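The block underneath contains the structure these notes are about, expressed in structure tokens.
Laboratory data are not the source of any read-out in this text; all were calculated from the coordinates shown. Just so we're clear, the structure is a prediction, and the values are computed from it rather than from any experiment. In this analysis, Cβ positions are derived from the backbone assuming ideal geometry, glycine residues included, and neighbour counts consider all displayed protein chains.
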Amino acid sequence: MVIAGVAVMRVQVAVDKSLALRQVMYRMRYDGDIHDRGERALVLLSGGIDSATCLYWAKSKGYDVHALTLNYYNRWVKEIEATRLIAREADTRLIELDIPFVKEAFDIYGYREYRDGDMRWSSYIPSKNLLFYSIAAHLAEYMRVRWIVGGHNRDDTLFFTDTRREYIDGINRLFRQGFMLNEPAEIVTPLLDLSKVDVIRLALHLGVPLEHTWSCHTRAERHCGRCHGCRSRKDVFNAIGIMDTVEYEQ
Ligand SMILES: [Zn+2]
């Protein structure tokens, strides 16, 4: 009985400690900083500036960082190459999965169907983040991932409603209800309050290899310089006053 009592006490102490730690973690997370080093993070990596910045952010936090990239239908090879280059440069394990049933609006409608002439529609994927985070969650349970890191910035939220905080919070709520093997993973979005200009500043601070990133929405060998992705990238680099080392067609 004494042994059992000691065992119960030890369990209770462990539970208390765990709860206290979680409460501290909760506060830190919403203060924009996480100090608990050594936990595993899975970063959704697309080859763009935002996700590359998230990868380096997660590394700077000391996590055991893995990257996940999802090859949806007809994903442009330059984007895939960029993803692989960034992961290699960051010395991070990259999990690459093919999901050919997931298509961009471009694949269905082509360029002629832009709504109100808004070029961003070309890269829209219905339910993209619900799908991507669900796949990440599936892996996360087996991999004991604590943090799933998504690279949405403040400007994204103006157009892609599935990047907004309430949407991500909704997915996190489902994770908490659905995880059975391990403690639920949680999506964190460190760039969500940052503008594109702020993201580049953070990227420069973290040493992100921006020259390897891919921002173009067309299927060009080099950045086309004309699409929404390219124009937005050019604007941001011009605003900061630094030279972009990627090559543009124009
Ligand atoms: Zn372009």
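Prolate is the label for region 153-236, because a/c, from the alpha-carbon gyration tensor with a ≥ b ≥ c as root eigenvalues, is 1.5 or above and a/b exceeds b/c. List the chymotrypsin sites (Phe, Trp or Tyr not before Pro) within region 155-250 that DSSP assigns to loop and that have no more than 15 neighbouring Cβ atoms inside 10 Å. Answer by residue number: Phe159, Phe179.
Residues whose amide H comes within less than 5 Å of that of Tyr72, counting only those at least five positions distant or on another chain, are Ile99 (H built at 1.01 Å from N in the peptide plane). Neighbours of Met143, meaning other residues whose beta-carbon lies under 11 angstrom from its beta-carbon, give a summed charge of +2 when Lys and Arg score +1 and Asp and Glu score -1.
State whether region 84-242 is rounded, prolate or oblate according to the following rule on the C-alpha gyration tensor (a ≥ b ≥ c being the square roots of its eigenvalues): a/c under 1.5 gives rounded; otherwise a/b larger than b/c gives prolate, and the remaining case gives oblate. Here region 84-242 falls in the prolate category. At an R0 of 45 angstrom, the distance between the Cβ atoms of Glu89 and Phe159 translates into a FRET efficiency of 0.95. If R0 equals 25 Å, the separation of the Cβ atoms of Leu130 and Asp198 corresponds to a calculated FRET efficiency of about 0.40. Applying both filters, DSSP loop and at most 13 other Cβ atoms within 10 Å, to the trypsin sites (Lys or Arg not before Pro) of region 98-198 gives Arg144.
Maximal additional length on extending the Asn238-His205 stretch stands at 10.1 nm, based on 0.36 nm per residue less the C-alpha distance.
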